[in-house]
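Throughout, read-outs are computed from the coordinates displayed, never taken from laboratory work. Computed from a predicted model, the values in this text were never measured in an experiment. Ideal geometry is used to build each Cβ from the backbone, glycine not excepted, and the neighbour counts take in all protein chains shown.
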Amino acid sequence: MCCDFVVGMPRSVMQARHVPGRGCAETQAGHSRVGELPSLLLITLMLFVHRKRRSNAELQRPREDLTAFLVLLAYIEDLIHLAPDTQRAMNSRYSRSIRIAALPLLLALALPVQADTVKASRYYEDGLSRYSKQDLPGAIIQLKNALQQDRNMLAAHLLLAKAYLADGDVGPAEVAFREALKLGVNRAEVAVPLGRIYLMQGKPQVLIDAIPADGLPAATRLEVLVLRGKAYAALGKSAEATRAFADARAIDPASVMPLVAEVPVLIAAGKGGEARGMANRAVELAPDSAEALNARASVAHAAGELADALRDYERAIAVQPDHLDARVARAGILIDLGRDPEADKDLTALAAFAPSEPRVAYLRALLAGRRGDSLAAASHLENVARLVDALPVEWVAGQEQLLMTGALAHHAGRQYEKARKYLDVLTSRYPRNMGARKLLAAVYVDTADYPRAISLLEHVLRAQSDDPQALHLLGRAYLGQQRYSKASGLLEHALALGGGDAGLRASLGFSQLGEGKSDAAAGNLQAAFDKAPGDLTLAMSLANLYMRQGDIKMALVVAQRLNDALPRNPAALNLLGVVRGASADLAGARRAYAEALQHDAGFMSARLNLARLDVEEGRFAEARNAYADMLRVNRRDATAMYESALLERRAGRLDEALRWSEKAAAEQPGDARIGLGLIEMRSAKGDKLGARDAARALSVRQRDDLGVLEALARTEIDVGALKDAQQVLKDMTRLAEYDPAALVRVGYLQLAASDLSGAAYSAQKALQGRAKDGGAMILATEAALAAKDFDGAEKRAAALRAAHPSNAKGFLLTGDIAHARKDFKAAASAYRQAFALAPSTESVLRQVNVFIAQRDPKGGIPPLMQWLKTHPDDDLARRALADLHAQARDWSAAKAEYMKLVNKGVADAGVYNNLANVLIELRDSAAVSMAEQSVARGPESGSARDTLGWALASQNRFEEALPHLREARLRMPDSADIKWHLGYVLAQMGRQSEARRELESALANGRFFDGETEARELLRNVSR
């Protein structure tokens, strides 16, 4: 049994190379247990039902809701996760039968249920009481009952997750935490428990990807950094782990948590002295901490100081009898000391206590081998193999034995992707001749695996620098990565070497098109087309280029020449239809599509374009029928699914649009267009985390697609993962080469991600690509202003005004700089100059902001009213006017302006929210209905929930108000207003102690908020 020394294992293992009778790779697979799967699942179902009956809490008889069903599935998945034989059996007919049998139940559970927030609140409050009394089963039941009444009750999802975790049900806890995140709970509420769950599940990479430390409160950030350090260590990334622990220590040098966590990382790196220092420091800080004592024991254990190690392990166990690591390590030392009976007793108990712990099975195998019991040793080793097989690949990849065992198991079963990875490694280590490498590079280019193609081709060109074929292939690879400048240079070199075929000229044209050199691109593409007028791909590209340039006449010429070269060709006719449609000749387009279908009734492009034409003309039913026909022919037609999504979005059916987007992405996960559509749809539905997940998955497949990376950066920003966004944007800056338009887009995203230096760099790089580019000059000025480099910003603004005197943006930025310096007179003057140069809503609102900054909202009203006289349909200006009236506490005037937006049908969630607040001040009963409209349009908004709760409270509907205020509190935990509102409602309901906690928290930071005086008075009353 091959091994290296591991803390917690006997030192004698260092010399033990095998267990008698068993070789390193001779662990035998157990007999198949596929047939046991139905019994296992049945047992799980019975245990689930039995578990829910353990409490005397109130149970409801109606069907379980979807959350309950997901929890049950989580139980089953946990069972399967712990039993690899069962996991393999999931592919059997039994699992298919079970899943099919579950479908009617799932459909039934998915039926809409009217939310009863009052009843849900009652169940929640009872569940909260039970949770505080450690009646976890009862709390779980009542919280599930609450979710039956209101499946979107955020507080219930969060408390249910905590209850499951406290009860040891990790899978259901993860489901509930993720549901709370999806519903909008503040990330700080779930980061630590969810991170612990991922580590308990052996998912360190998931933790790294899903739980950034950015933006969290200090105490929470410390714990998350420690968890991330542990995750990096589990992945074998010791340097990253060390940085994470150091960042954690910097937050609170008196905390033992990062010290204890880093000790095993240092031991593994051979830094015993540093590990000892940290362990000693931890014990000094917390002499009665089991974790600190265990850390110090592990240092001594690694150094061979067994007596000291045993003493500290036993002290740790005395403090915390269920400390698994200390108990396993003590058993290992007992084996080293020859105290086998004591070790056997400990390990037998541990096997019952922690049956899924591989170290326990390993030590039992070692003891059995020492006794000469080869059958028992084999059985224990078999158990080790099963346990290791269930471990995540990320962790196994850092362990030599485990990596080999897992690779063999997966190879025996299937795992085509792993086989391909091995082949890639072998290819890189054992290079072939230049011709073979070029051929392999061509395959990589054709399959969009550009990095490998580039690596191979660079090797070829080091040996044969003037190989036109290699240059062409390398140019195509860079073209695929959208690195157009590099691609153009290589392709021009190949062209100069005599590679003047149409394909090379076309590639050069495409690269120049990517660089923004439209005229040069058109010239090369036209030259290539003249050589090959029957090249369909080239003709389509050239026609599309002419259409983008607005030259429909030339596009028609290209399409007609293609049809002359390829008569009766459906694809050529389809292109002709597209160009005719772009020229507004819809009847001619229909004729071309119809003729294409006459020649090939199954030609899908023409059918799709006919359906798109129906959508364009508002004939949604006809388009739906067309897409349905396509899907009947091929139920996995991702394009028809994608087009169905576009149709439904155009028709205003967002749920259907999202459903089709999900189906299309499942069929074609690497398609950038489909993936971007899914990201957009999830964002439109308010699922920020889901949008980020889709963007990350797509970016793995499209690593060098700037459009995909831009979508990824936006979603990272949306969920607050700014460091992740900054890294993505840094990569985009590199890939964009010197394309000014692309770099400016990247720069503004960098500003949104708080990467001010990155934005400045992008602007400077764009100006290197095109001097005096207006967009880049504006970005450079805004980056300097954001960095509070006012002198630098003024210089850049002056340069912008000089280079582009007719661009009002130069004066607007000059005003912004003066405004930032609180030189309001100069700011107002610059804004007036901008307005005189180019009157706009933007310049009017800038003038209004000067009044607001001087705490004179009334002063901003006249210019807005004057603007609205000549621009009565400017909804943005009218919204600003309504907001100004509200700030000036002119409630009636504010109501009048907000109602104009409502009556016009352009009110968003913010307008309804502000209107509801105005109506509360006016004691208007319509405040509740307006607040409900705000929540309906922005269910993820904590402010909207707070307004609805406060509106209900203002009408003495306290029980209805409470759940909304609780949810608002979870979404915006730092809002003093929300804490005051919640405290007020709790006090009115007689919940004095809870009210006192909320009021104290609201007043703790000393910040002023509306209602502060009333909050202080109420706090005095509830404290008596």
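Give me the number: length gained by fully extending ASP600 to ALA188, i.e. 0.36 nm times residue separation minus the C-alpha to C-alpha distance, one decimal in nm. Display every interim value, and only then the final one.
Values: separation 412, 0.36 × 412 = 148.32 nm, distance 5.86 nm.
Separation in residues times 0.36 nm, less the Cα-Cα distance, equals 142.5 nm.
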Label-to-label distance, nm, for residues given as ALA565 and ALA349 (7 Å Cα→Cβ offset): 8.4
Förster-model FRET efficiency, 25 Å R0, ARG591 and ALA621, C-beta, rounded to 0.05: 0.65
Euclidean distance of C-alpha centroids, the range 249-317 and the range 585-653, integer Å: 67
For the range 988-1021 versus the range 667-716, the gap between their alpha-carbon centres in whole angstrom: 44
Positive dipole terminus of the range 912-1024, leading residue within GLY942, LEU919, SER929 (C-beta point charges): GLY942
Taking the range 224-314 and dividing mean pair separation by its residue count, relative contact order in percent (alpha carbons under 8 Å, at least six apart): 20
Förster-model FRET efficiency, 30 Å R0, ALA239 and GLU284, C-beta, rounded to 0.05: 0.65
Point-to-point label distance, GLN887-ASP551, nm (Cα→Cβ direction, 7 Å offset): 5.1
Separation in nanometres of the label points that stand 7 Å from Cα toward Cβ, at GLN992 and PHE790: 5.3
Volume per residue of the C-alpha convex hull in the range 256-321, rounded to whole Å³: 65
Links that overshoot a 24 Å alpha carbon limit, given the list LYS788/LYS809; LYS517/LYS795; LYS825/LYS895; LYS517/LYS765; LYS517/LYS788: LYS517/LYS795; LYS825/LYS895; LYS517/LYS788
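Provide the gained length on full extension for the span ALA307 to ARG957, in nm with one decimal, where the gain is 0.36 nm per separating residue minus the Cα-Cα distance. Write down the numbers at each step before the final one.
Details: separation 650, 0.36 × 650 = 234.00 nm, distance 6.73 nm.
Value of the extension gain: 227.3 nm.
Would you mind ranking LYS271, LYS765, LYS795 so that the residue whose beta carbon has the fewest other beta carbons within 10 Å leads the list? All intermediate terms of the calculation are to be shown ahead of the outcome.
On the way: LYS271 17, LYS765 20, LYS795 14.
By the 10 Å Cβ count, ascending, the order reads LYS795, LYS271, LYS765.
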Backbone HN-Hα couplings from phi across the range 805-820 [Karplus 6.51/-1.76/1.60, Hz, Gly and Pro as x]: x, 8, 8, 5, 4, x, 6, 4, 5, 4, x, 4, 5, 4, 4, 5
All aspartates and glutamates inside 15 Å of LYS663 as judged from Cα atoms, apart from same-chain residues fewer than 8 positions distant: ASP637, GLU643, GLU648, ASP655, ASP671, GLU680
Net dipole in debye of the range 552-676 [+1 Lys, Arg Cβ; -1 Asp, Glu Cβ; about Cα centre; nearest 20]: 120
Spin-label zone in the range 803-821 - amide nitrogen under 15 Å from a point set 7 Å from the Cα of ALA838 along the C-beta vector: 803-815
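Given a Förster distance of 60 angstrom, what is the FRET efficiency for ARG659 paired with ARG855, based on the Cβ-Cβ distance and rounded to 0.05?
On the way: r = 50 Å, r/R0 = 0.83.
Once the sixth-power term is evaluated, E becomes 0.75.
Charges at C-beta only: +1 for Lys and Arg, -1 for Asp and Glu. How large is the resulting dipole of the range 912-1024 about its Cα centre, in Debye rounded to 20?
Details: 15 positive and 17 negative charges, 65 e Å.
Approximately 320 debye in magnitude.
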Rule-of-thumb Rg ratio for the range 912-1024 [Cα; 2.2 N^0.38 Å; N residues]: 0.99
Spatially proximal lysines relative to LYS230 (Cα-Cα < 21 Å; intrachain offsets below 8 disregarded): LYS203, LYS271, LYS723
